[in-house]
Every structure is written in C-alpha cells, then in structure tokens.
Amino acid sequence: NDIEEFLKFAKDEVNHYATYFYADDLKFFQRSGRVSGIAATMGSLLGIKPIIHIDADGKMKNVSKEKGRKKALAHLINKVEEIGQDVKNHKIIIGHTDAIELAYELEGLLKEKLGNDLDIDFVIVNPTCGSHCGPDAVGISFYSKCR
C-alpha cells in the first residue's frame, strides 16, 4: 500500500535530517524560561545569538553561541558542510519567523559555498518554535549523517 510505503520511507529518512537555527532576540527565551532576565538582557546587548539544535527526541538544545547575525549564519552553513550528506540530492528547508530577508541571505550564502544547484524551499516555522525564538530567527534543515 502506498501510505505504508510512504510512512516507512518517512520513518527511515527523519533520522537523516538535522535542524539548526538561531534566535535573534533572547527576550523570547527569557519568557519561555530558557534563560534568566539578566542573561537575556546582557546577551541581547552583546548581540549573542544562541545556536539551537533539534535533537533526535525533538527537543531544542543550545549547542553554541555566536556574536552577531553574520557569525550565526556562518555557523549554520558550517554545520551543513560538517555533517551534511548528499545535500545536493536532497531538499534543504530554510525556516524563518517573519524574516524572509534573512532566509534569502542564508540561501545566498549556502549557494556561494555549495553551488547554485541546491534544492531549497522556504517555510515559516510553526508557532511552537516561533514562540521560543521570536521574530527574525532563521534556521535550516538538511540531509545529514545523523539527526
């Protein structure tokens, strides 16, 4: 049956898609209880952008911190280069929270590094993720060695 085949394919493939993103403003992490008020204020003043990974259990985990958007975007691209696998033959998803300009910037940087023949789609992230990150967050999901 086609549905059973699709579900088996999806179950096998989900463990090959890694998802990384960054939050632009730490006040939304403060509201969700992920960081204290002082940490959110100081981090925002210093331009700290936490890099978040959605792990195999679907949980968001802070894996790094970058200073500024350019370094945060570079970190996302480095992850694609580091653990990406056969990315040219698989769809890349760039998600954003009302930040299409940043999504396009990430697309341009990816194509600069990996070539113009990438298959990239854009999505607005779901409200759950968006409520943690706030506006101007951007992330990427790509085929990888591991989730």
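Numbers below:
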quantity	calculated
Accessible surface, the stretch 84-147, averaged per residue in Å² (probe 1.4 Å)	50 Å²
Computed [θ] at 222 nm, helices only, for the chain once each DSSP H run of length n ≥ 4 contributes -39500 (n - 2.57)	-13500 deg cm²/dmol
Gain upon complete extension [Asp2, Asp117; 0.36 nm per residue less C-alpha separation]	38.4 nm
Structure-derived Cα Rg over 2.2 N^0.38 Å: which label, when the choices are (1) 1.24; (2) 1.07; (3) 2.10	(2)
For the chain, with +1 on Lys and Arg beta carbons and -1 on Asp and Glu, the positive-most of Phe28, Leu46, Leu109 along the dipole	Leu46
Partners for Lys59 among lysines (Cα-Cα distance below 28 Å; same-chain residues under 8 apart left out)	Lys8, Lys11, Lys27, Lys49, Lys67, Lys70, Lys71, Lys79, Lys88, Lys91, Lys145
Cβ-placed point charges (K, R +1; D, E -1), dipole of the chain about Cα centre in debye, nearest 20	840 debye
Linear extension gain, Val14 paired with Lys70, 0.36 nm per residue minus alpha-carbon span	17.3 nm
Residues in the stretch 1-43 reached by a label modelled at Lys145 [backbone nitrogen below 18 Å; 7 Å Cα→Cβ]	15-20
The chain, accessible surface, carbon-and-sulfur percent (1.4 angstrom probe)	53 percent
Sites Thr41 and Ile124 - FRET efficiency at Förster radius 25 Å, r taken between beta-carbons, to 0.05	0.35
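The values are calculated or read from the model by the stated rules, or taken from the named source; none is laboratory data. Just so it is clear, the structure is predicted and the values come from calculations on it, not from any experiment. We place every Cβ from the backbone using ideal geometry, glycine too, and count neighbours over all the protein chains shown. Remember, those area values only see protein heavy atoms, side chains included, never the ligands or the DNA or RNA. Shrake-Rupley method; radii C 1.70, N 1.55, O 1.52, S 1.80 Å.
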